[in-house]
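For reference, the structure discussed in these notes is given below.
The values are calculated or read from the model by the stated rules, or taken from the named source; none is laboratory data. As the structure is a prediction and not an experimental result, all values here were calculated from the model. We place every Cβ from the backbone using ideal geometry, glycine too, and count neighbours over all the protein chains shown. What goes into the accessible areas is simple: the full protein's heavy atoms, side chains included, and nothing from ligands, DNA or RNA. Shrake-Rupley method; radii C 1.70, N 1.55, O 1.52, S 1.80 Å.
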Amino acid sequence: MEQKLKRYLQKRDFKKTPEPKPEESLEKKEGVIFVVQKHKASHLHYDFRLEREGVLKSWAIPKEPPTSFSIKRLAVEVEDHPLAYANFEGEIPEGLYGAGKVEIWDKGSYLLREWGEKKIVFELKGKRLRGLYCLLKINPKQDSGKQNKNWLFFRIKK
Ligand code: MN
């Protein structure tokens, strides 16, 4: 767990940020959860998080997550967050990593269909996001040495 949350720890000073410490736990019912946090940082974005093996796997989506079938959104993979982050709402003070207001935009449980290296399929049971969704890794350019963190997030039919 500590290894998974290393990047989360490195980016934050818990004496200053109101965000949850990695060791904080989350009380929840059966099943796995997802959360979408609207984050008014320097650029407004939506943080999409899926519970997986004790942490929240996370992606930053620059625009509102789609409810219709016709829209595909870029989703940039970011560091794993602790489970307790699913309840976090508040103001990250100026000067800190991710400074700005965080509010929960949607939350619920999900059913996993497929979790692969490049493709994740799941059914969301939130208030705004309901139905089958897919995260699909975009193939990196052959010559780019950079690690690819870009995915597409979109709704799919059953
Ligand atoms: Mn964010």
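A few remarks follow.
- So residue 27, is it under 17 Å from the mean Cα position of the chain (by Cα), farther than 19 Å from residue 120 by Cβ, part of a loop (DSSP other than H, G, I, E, B) and of a type in the set (D, E, K, R): no
- Scanning the stretch 20-42 for residues that are more than 16 Å from the ligand (Cβ to nearest atom), small (Gly, Ala, Ser) and open to solvent by 90 Å² or more (accessible area, probe 1.4 Å) returns a single hit, 25.
- Meets criteria (without any contact (Cβ under 8 Å) to a residue 24 or more places away in the chain, among the hydrophobic types (A, V, I, L, M, F, W, C) and either within 18 Å of residue 151 (Cβ to Cβ) or away from the ligand (no atom under 16 Å from the Cβ) (or both)) for residue 136: yes
- Pairs with Cβ under 6 Å, 6+ apart, first in the stretch 60-85 and farther than 17 Å from residue 40 by Cβ, second within 10 Å of the ligand (Cβ to nearest atom) and β-branched (Val, Ile, Thr): 73/61; 75/61
- Evaluation of residue 151 against (1) assigned to a loop (DSSP other than H, G, I, E, B); (2) modelled with pLDDT of 95 or more (one fails), failing number: (1)
- Tally, over the stretch 90-110, of residues that are open to solvent by less than 30 Å² (accessible area, probe 1.4 Å) and within 17 Å of residue 58 (Cα to Cα): 6
- Yes/no for residue 113 being part of a strand (DSSP E or B), open to solvent by 60 Å² or more (accessible area, probe 1.4 Å) and more than 12 Å from residue 34 (Cα to Cα): yes
- Any chance residue 65 is surrounded by 14 or more Cβ atoms within 10 Å (Cβ to Cβ), within 16 Å of the ligand (Cβ to nearest atom) and not aromatic (Phe, Trp, Tyr): yes
- Of the listed requirements (1) touching a residue at least 24 places away in the same chain (Cβ under 8 Å); (2) exposed (fewer than 14 other Cβ atoms within 10 Å of the Cβ); (3) of a type in the set (S, T, N, Q); (4) away from the ligand (no atom under 12 Å from the Cβ), residue 17 misses just one: (2).
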